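The values are calculated or read from the model by the stated rules, or taken from the named source; none is laboratory data. Quantities reported herein were computed from a predicted structural model and do not represent experimental measurements. Here the Cβ positions follow ideal geometry from the backbone for every residue, glycine too, while neighbour counts run over all protein chains shown. In case anyone asks, the SASA skips ligands and DNA or RNA and just uses the protein heavy atoms, side chains included. Shrake-Rupley method; radii C 1.70, N 1.55, O 1.52, S 1.80 Å.
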Amino acid sequence: MADATQAAKTRLDRALAELERKVGARIAAPARASLPDDDLFARTPHDPRADDRVAELEAAANDAATALAEAAEALRTAMGQGDTASDEAAAGEQR
């Protein structure tokens, strides 16, 4: 069980490192330096790139959410809890 837990922790660490790298790259992007403050969601008036920027950020957020959900599920599985949503649904069907 320790090996599975360690593997899940490693996957979670990798997902978090990837998320930090992507966020750091987005903040440091020189093409985006004209945005006011460091607000990643700030829109500049009449800037067609703003919609692209929001779409990129939403995609990165979705990727990060998926990676974290997979890592959380791997941790649950490693700790013997399995898929709690599926377990609860199965328990409800048996009643």
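Observations on the structure shown:
- Full-stretch length increase - ALA25, ALA50 - with 0.36 nm per residue and alpha-carbon distance subtracted: 7.3 nm
- The accessible-area ordering, largest first, of the residues VAL54, VAL23 stands as VAL23, VAL54, per a 1.4 angstrom probe.
- ASP3 sits among other residues whose Cβ lies under 15 Å from its own Cβ, and their net charge, with Lys and Arg +1 and Asp and Glu -1, is +2.
- Potential lengthening of the chain between THR10 and ALA61 amounts to 16.3 nm, from the contour at 0.36 nm per residue minus the alpha-carbon distance.
- Sites ALA72 and ALA2 - FRET efficiency at Förster radius 22 Å, r taken between beta-carbons, to 0.05: 0.75
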